[in-house]
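Shown next, in structure tokens, is the structure this report addresses.
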Amino acid sequence: MRSAIKLLLALLLGLALLTALVQWRAARHEARAEESHPPEGEIITVDGLPVHAKIIGSGPDLVLIHGASGNLRDFTLSFAERLSDRYRVIMFDRPGMGYTARLPGARGPWNPRGETPQEQAALLQKAADQLGVENPIVLGHSFGGAVALAWGLQRPDETAALVLVSAVSEPWPGGLGWLYNVSASRLGGALFIPAVTAFVPDSVVQSSIAAIFAPQQAPDGYADHIGTGLTLRRSASRANAQQVHQLRPHVVEMAAQYDRLTMPVEIIHGDADTIVPMHIHAEELIKDIPNGALTRLPGMGHMPHHADPQAVVDAIDRAAARAGLR
């Protein structure tokens, strides 16, 4: 009996030490990520929450909303500068990502709820109001496309146009796989994510980036610029997993309302995109909206704003012209 008790105590002590090591390593990595990649823009307060925004250029307002596992740095490697000569470009970190806080109802490692596209759009709209944004073109990439669609549905008369780049827009068949299922769960959020963020090797990060860009390659310096360590922070990893895992029912809800999107909508999508397949999303969305235009990019993967930025810039310019802004 005493041997069993000693063994149990030893196991509990070992578990406590392992947990402490995981938390220490994760905290150290997070501190390094924030030190090496501080906010690029300004932090504004919206309903008591910090929201990270960066503004460059002048002209009609253009809001850029990044995708999953990212932050506004995805646009600042080179893309936003292509637009700053004729647009006032406003970039945001989505809730839980970068330096924008999570919404109160989604905080905590044991909380499995992710912010909906509608909730994210509402927070970013309030931030945009504080920045004096008026009648913007709203561009969303990937997951950010769902947020852009929510933005348009919530403010149809105050949104000049939408530009949807490799955007999640339609319900998809099947699930997202075990990784999202585990990461989005209460237990996964509290235990699995800290372990992953503490010990994930750089090779896994690099292979993940390669898969997102395939069949194209990521630009030189992309991983360092975007700050993958910011995404690997425990809070950001939880937010991303929960938001993606719970996205589909909100897309179903929005898709039933797409006929209300009467503003110009430019859709641009690569036919080699395996992350958000064109035939499931863009080619169905174009049937659902009254004023849309679809540009198909042959052989293009999920990241056309990096692999073929001029094609995306041209889509923005078309949206502006159709909206009477140019």
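Quotient of the Cα radius of gyration of region 266-326 and 2.2 N^0.38 Å, N being its number of residues: 1.13.
Applying both filters, DSSP loop and at most 12 other Cβ atoms within 10 Å, to the chymotrypsin sites (Phe, Trp or Tyr not before Pro) of region 93-163 gives Trp110.
Here the accessible area is traced with a 1.4 Å probe on the protein chains. For region 115-162, carbon and sulfur cover 41 percent of it.
Shown for region 191-326: the carbon plus sulfur share of the solvent-accessible area, taken with all protein chains present and a 1.4 angstrom probe, equals 54%.
Send over the Kirkwood Rh of region 190-326, from the inverse of the averaged 1/r over different Cα pairs, rounded to one decimal Å. Display every interim value, and only then the final one.
Values: mean 1/r = 0.0578 Å⁻¹.
Radius from the Kirkwood sum: 17.3 Å.
Its relative contact order, with pairs defined as Cα atoms under 8 Å and 6+ residues apart, puts region 198-326 at 28 percent. Rolling a 1.4 angstrom probe over the protein heavy atoms with all chains in place gives region 210-292 an accessible area of 42 Å² per residue.
Computed over region 228-304, the range of Cα coordinates on each principal axis works out to 41, 31, 19 Å, biggest value leading. Across region 128-133, coupling constants 3J(HN,Hα) worked out from phi with the 6.51/-1.76/1.60 Karplus curve, θ = phi - 60°, read 4, 4, 5, 8, x, 6 Hz, and Gly and Pro carry x.
The values are calculated or read from the model by the stated rules, or taken from the named source; none is laboratory data. This structure is a prediction, so every number in the text was calculated from the model and none was measured. Note that we place each Cβ from the backbone using ideal geometry, even for glycine, and neighbour counts take in every protein chain shown. Ligands, DNA and RNA are stripped out before the accessible areas are found, and what is left, the full protein with its side chains, is counted by its heavy atoms. Shrake-Rupley method; radii C 1.70, N 1.55, O 1.52, S 1.80 Å.
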